[in-house]
Amino acid sequence: MNIVGLDSLVFGVDDLDASIRCLADYGLTCVERTPSGAVFEALDGTSAVVRHASDGGLAEAFAPSPNIRETIYGVADQATLEQIGAELGKDRPVTLGSDGVLRCKDDSGIPIGFRVTCRRPIDAPPVLINVPGMKPQRPVNQVAADPAMVCTPRSLSHVVFFVPDVAKAERFYTERLGFRVTDRFTNAGPFLRPAGTLEHHCLFLIQAPAHMFGLNHFTFHMADANELMLAGWRFQNKGWKGFWGPGRHIMGSNYFWYFNSPFGGAIEFDADMDLHDDTWVPRAVDANAETSQTFLFDYRPLWSPGGKDH
Amino acid sequence: MAGANESCTDAPEAYRPLCGLDELPDGGARGFCSSGQGSDDFFVVRRGDTVVGYRNCCPHNGVALEYRKDMFLNAAGTDIVCYAHGAHFDVATGYCTYGPCAGESLEALPIRIEQGRVMIPRTIAWGSGGCPGNKGWS
């Protein structure tokens, strides 16, 4: 099934102002603000939607608030949407909303939706680096380090859930929706890639006790490591509490920087994820500190070696 | 509140002032750094004349709880929340009622109120087990 990735994540929160401030500080663009919530977009039109947990328009909560309330995938075309509707309609209620979203629940009970993707071409300056031994990318006399550089997340990357039965959860996505397992943490769960993208994962599932069911984290893609570092550093300077990073994952190779958030799980910046096709043979390792990252740093404030006396 | 620092509770000089009770928002929380430098390693929650204190360390994987400075509670102020993975804790006891560490508790910091001042142990020795540390993905 030609699912291209995540289109939108919908959250039900208990502190709407803090959540809106979080997404604004994160760098997304607010495209809709009403008393009941807001919609924030990345450069390609993918989005995070935030509403008060009591909002009647939200999908039913499956975990205490704040938490994620709905995960909406983008599909390539109307035919794919109809294909998904026919497949999932075999054994569960599926509804088509006036917003064009086909809605149901996955086999864990997580509300999911599908729509013809909103993704649009990204209009942003190219990221150009100079590497010895390779043809230079950045033109002569064009500088790279710009303290005023705007860092707008480019695209919704992935979402991660704690689920009570990871094997059952995985089967739903692989057998019913055609997702591929790209890699696996044997003590946690699978990284999953839908057929319409080569990106390592847009979904990662973590086996957890039933009382943990819900959001683990979500992230948008930044342009590259440089932009991730700058965006994360600014985010922390604005008062958001770091959780993990910056560092670089091994599974997926994405750079990462996680922060605590008012959404019920962590909010991450990521960049430079691996691409895989169907010839890739999934790796399987235990998740631990060594297998989770190639390196890890902590934030620190600006500093200079100048000192008073040089 | 009893805890790892109970041995210091007999001598008055074993406590030092943290701040005035009226400097804490009633019904709210505030984080502090025990060394005076660095990130907040404990926090207190005030309800009227009662103040409770806890180490800023989630029993789930040993990280700080707040999402911003002093934001340790849910919006209604009824629960302490870890904003990494959504664990909820009882304010009065630190007991985790929901989330990854359900059934475990925050490490309590003994607090005294003396003449309108909030007092904490002069020497803070966090539990011998230390912060639980990362137990893995779940």
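None of the figures in this text is laboratory data; all of them are computed from the coordinates on show. Everything numeric here is computed off the predicted structure, so don't read it as measured data. Every residue, glycine among them, receives a Cβ derived from its backbone with ideal geometry; neighbour counts consider all protein chains shown.
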Inter-chain shielding of A:12-19 (mean C-beta neighbours from other protein chains, 10 Å cut-off): 3
Anisotropy class of the stretch A:172-310 from Cα gyration tensor, a/c 1.5 cut: prolate
Label-point separation, residue A:141 to residue A:198 (7 Å along Cα→Cβ), nm: 3.6
Most mobile of A:97, A:247, A:214 in a GNM of chain A (Cα contacts under 10 Å): A:97
Shape category assigned to the stretch A:5-147 from the gyration tensor of Cα positions, a/c cut at 1.5: oblate
Cα shape, the stretch A:28-78, gyration tensor, a/c 1.5 rule: oblate
Size of electric dipole in the stretch B:6-121: Cβ of Lys, Arg +1 and of Asp, Glu -1, about Cα centre, debye, nearest 20: 220
About the Cα centre, charge dipole magnitude for chain A (Lys/Arg +1, Asp/Glu -1 at Cβ), debye: 280
Positive-pole candidate from B:32, B:109, B:48, dipole of the stretch B:6-121, charges at beta carbon: B:32
Reach of residue A:241 by Cα under 13 Å, taken over aspartates and glutamates that are not fewer than 8 positions away in the same chain: A:25, A:268, A:298, B:40, B:41, B:66, B:70
Where trypsin sites (Lys or Arg not before Pro) in DSSP loops with at most 15 other Cβ within 10 Å are excluded, longest remaining stretch of chain A: A:91-237
Amide H contacts of residue A:70 (H built 1.01 Å from N, under 5 Å, at least 5 apart or other chain): A:10
Order of A:13, B:44, A:31, A:131 under a 10 Å beta carbon neighbour criterion, fewest first: A:131, A:31, B:44, A:13
Charge tally in the Cβ shell below 12 Å around residue A:226, where Lys, Arg are +1 and Asp, Glu are -1, residue A:226 excluded: -3
Rounded FRET efficiency, nearest 0.05, which uses the C-beta distance separating residue A:21 from residue B:33 and R0 of 25 Å: 0.55
In sequence order, calculated HN-Hα J values of the stretch B:117-126 (Karplus, 6.51, -1.76, 1.60; Hz; x Gly/Pro): 10, 8, 10, 10, x, 4, 10, 9, 10, 5
Exposed chymotrypsin sites (Phe, Trp or Tyr not before Pro) absent: longest stretch of chain A, with sites in DSSP loops and at most 13 other Cβ within 10 Å deemed exposed: A:1-296
Calculated from backbone phi, Karplus (6.51, -1.76, 1.60) coupling profile of the stretch A:249-262 in Hz, x at Gly/Pro: 5, 9, 5, x, 6, 5, 5, 9, 7, 9, 9, 4, 8, x
Whole-number Å³ per residue for the convex hull built on Cα positions in the protein assembly as shown: 180
Globularity ratio of the stretch B:6-121, using Cα Rg and 2.2 N^0.38 Å: 1.02
The stretch A:42-81 and the stretch B:23-94: distance between their alpha carbon centers, rounded to Å: 30
Relative contact order [Cα under 8 Å, 6+ residues apart], chain A, whole percent: 18
Backbone N under 16 Å from the residue A:92 label point (7 Å along Cα→Cβ), restricted to the stretch A:105-122: A:105-115
Per-residue HN-Hα couplings for the stretch B:19-35 [Karplus 6.51, -1.76, 1.60; θ = phi - 60°; Hz; x = Gly/Pro]: 5, x, 4, 6, 7, 9, x, 5, x, x, 10, 8, x, 9, 10, 5, 8
